[in-house]
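Worksheet: one structure, shown below.
The values are calculated or read from the model by the stated rules, or taken from the named source; none is laboratory data. Predicted model only: the values in this text are computed from it and were never measured. Note that each Cβ is placed from the backbone with ideal geometry, even for glycine, and that neighbours are counted across all protein chains shown. Surface areas here come from the heavy atoms of the whole protein model, side chains and all, with no ligands, DNA or RNA. Shrake-Rupley method; radii C 1.70, N 1.55, O 1.52, S 1.80 Å.
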Amino acid sequence: MISKSNKHEILLLTHGGWGETLAKTLTMIIGQIEGVSEIALNPSDSPEDFFQKVECKVKKMPTNSLIITDIAGGTTSNVALKLSQNYNINILSGLSSIMLIEAVMRQNRPFTEESLNEIKEATLMNCQHLKVPKSNPANK
């Protein structure tokens, strides 16, 4: 999934590996995605093993890159938070298609507090209750 580029990296941390499938599917919407990779937490992984895998990757990531986790408070987020104590990384939780699209669109510059807030706001704005309006019989 990852191609070498000058873009700031995005690392997806998900339970079971659905982040890679999401990224591949989004190419239908936004075209080729570069600089995005995933480390999946699998049932056979201990928290320590997962931490070591993620730390190995984070050590190689440019400063101000981004980690997106699937669930706040879960192992994926807890590992990212622990690593943020020693590495200059940014973290968002609640991975979704719009969150990843917004992050990919901002990869050409370092991820900052401002850009993270923009990604978060776009993600929240995309979450809507959709329904077809009921027709008014008086208008017929």
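Data table
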| read-out | value |
| --- | --- |
| Residues that are over 14 Å from the mean Cα position of the chain (by Cα), part of a loop (DSSP other than H, G, I, E, B) and closer than 22 Å to F111 by Cα, drawn from region 17-43 | G31, Q32 |
| Residue selected from region 108-125 under the condition closer than 11 Å to N64 by Cβ and open to solvent by less than 80 Å² (accessible area, probe 1.4 Å), by the criterion modelled with the lowest pLDDT | P110 |
| Residue within region 29-41 that is without any contact (Cβ under 8 Å) to a residue 60 or more places away in the chain, open to solvent by 70 Å² or more (accessible area, probe 1.4 Å), under 24 Å from T123 (Cβ atoms) and among the polar types (S, T, N, Q) present | yes |
| Selected residue (criterion: farthest from M28 (Cα to Cα)) from residues of region 83-140 that are assigned to a loop (DSSP other than H, G, I, E, B) and within 11 Å of the chain's Cα centre (by Cα) | G94 |
| Any hit, region 18-26, residues being aromatic (F, W, Y) and open to solvent by 60 Å² or more (accessible area, probe 1.4 Å) | yes |
| Which numbered condition C56 misses (of (1) more than 24 Å from T25 (Cβ to Cβ); (2) open to solvent by 60 Å² or more (accessible area, probe 1.4 Å); (3) assigned to a loop (DSSP other than H, G, I, E, B)) | (3) |
